[in-house]
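Heads up, the thing below is written out as C-alpha cells.
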Amino acid sequence: MKIKNLLVLAVSPLFLSCVMVMNKIEELKPIENYSTENIIIEDKKTMDVEILFINDKSVKTKLKGETNLFDKTLLNETSINKYFAILDNEGKKNYISYELVKNMTFKDLKGNLRTFVNRGNMFKSLQEVIYDGKIKWFIEYYPQAYDQSVQVNNHFVNENNQTVVVGTFNNMKNKLKEITSSKPELINMIDETEKFSTEAVIEILKKYEE
C-alpha cells in the first residue's frame, strides 16, 4: 500500500505537466463562463470559491482540490496554490496558473473560510492569509521533495514592511520577538507561550496592535 501511495504522488506532477495550464489572461474564456451558480456539481472534492483575476474581474465558481491520503476532508494546499482546476458552466475542469489570480476566497472541505493571495513576482505560488493586521501573517505551502508531503513557510510582515520567515529550521519564538521588536513588552508573553498554535500566535499579533 505504501509503495502504491508513493507511486501516485510521484505520478501526479507528471500528469499535471501534461495538462494544458492557462497562464495568460488572454487564454481564459470570458470570465462569466466560469460561473457555476446555476449548475449542479456532485464532485465532493470541489469547493465554492470566489476568484478575483488580475484583470480585476471576479467570478463565483468551483475549485477542484486534492485531499490528504488518509483524511478525505483534509485539503492538500499544494493542489490549489500554484496550478489548479476550476470548473466552467459546463462542469468541465479548466487548469489555470496562480499568476492569473489576485486573490481567491473559498470554503474548504471542512467548511472553513480561507483566503489565498498573490503577493507578487518574487513568490511562485499563492499564499494563505492567516492574519491581516499591523503584522500580516501569510503561509506559503510547498511539497516536500522526498514524499510530496505538505510543508510550510510562515511569512510575517509588519507595518514597516519588515519581514521574517519561519520555516523548518527557524525558531518561531525568536522570529516573533524579531518582528515585534518595537514592542519589547511582548517578550514575556512570547517566552511564556508553550505551544505556538495558530490561535496562540494570533493572540500575540493582536496584542502587538494595542
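Brief remarks follow.
- Most mobile listed residue (Phe70, Phe84, Phe138) in the chain, GNM with C-alpha springs under 10 Å: Phe70
- Per residue, the convex hull volume that the Cα atoms of region 133-209 enclose (Å³): 92 Å³
- Taking each DSSP H run with n ≥ 4 as -39500 (n - 2.57) and averaging over every residue of the chain yields -5500 deg cm²/dmol at 222 nm.
- Selected from Val129, Val59, Val19 as most flexible by GNM, with the chain as the system and alpha-carbon contacts under 10 Å: Val19
- Separation in nanometres of the label points that stand 7 Å from Cα toward Cβ, at Asp132 and Thr198: 1.6 nm
- Nitroxide proxy distance, nm - points 7 Å out along Cα→Cβ at Lys207 and Asn161: 2.9 nm
- Hz values of 3J(HN,Hα) by residue in region 150-164 - Karplus curve (6.51, -1.76, 1.60), Gly and Pro given as x: 6, 10, 9, 10, 9, 10, 10, 10, 8, 5, 9, 6, 6, 10, 10
- Computed E for Lys92/Phe123 - FRET, C-beta separation, R0 22 angstrom, nearest 0.05: 0.15
- Among the listed pairs Lys102/Lys207; Lys136/Lys177; Lys60/Lys102; Lys57/Lys134; Lys62/Lys110, those whose Cα-Cα separation exceeds 23 Å are Lys102/Lys207; Lys57/Lys134.
- Whole-Hz couplings from phi, Karplus 6.51/-1.76/1.60, listed for region 172-177; x for Gly and Pro: 4, 4, 5, 5, 5, 5
- Remark: region 51-64, residue by residue, has Karplus-estimated 3J(HN,Hα) of 10, 9, 7, 5, 8, 6, 9, 10, 8, 9, 8, 10, 9, 9 Hz, where x stands for each Gly or Pro and the curve is 6.51 cos²θ - 1.76 cosθ + 1.60 at θ = phi - 60°.
- Simple spin-label estimate for Asp56 and Glu32 in nanometres, 7 Å along Cα-Cβ: 1.9 nm
- Gaussian network model of the chain, springs between alpha carbon atoms under 10 Å - residue of Asn153, Asn76, Asn170 with greatest fluctuation: Asn170
- With coordinates expressed along the principal axes, the C-alpha atoms belonging to the chain extend over 57, 45, 30 Å, beginning with the largest.
Values quoted throughout were computed directly from the atomic coordinates according to the rules given, and no laboratory measurement underlies them. Keep in mind that this is a model prediction, so the values were computed, not measured. All Cβ positions, even for glycine, are placed from backbone atoms using ideal geometry, and neighbour counts span all protein chains on display.
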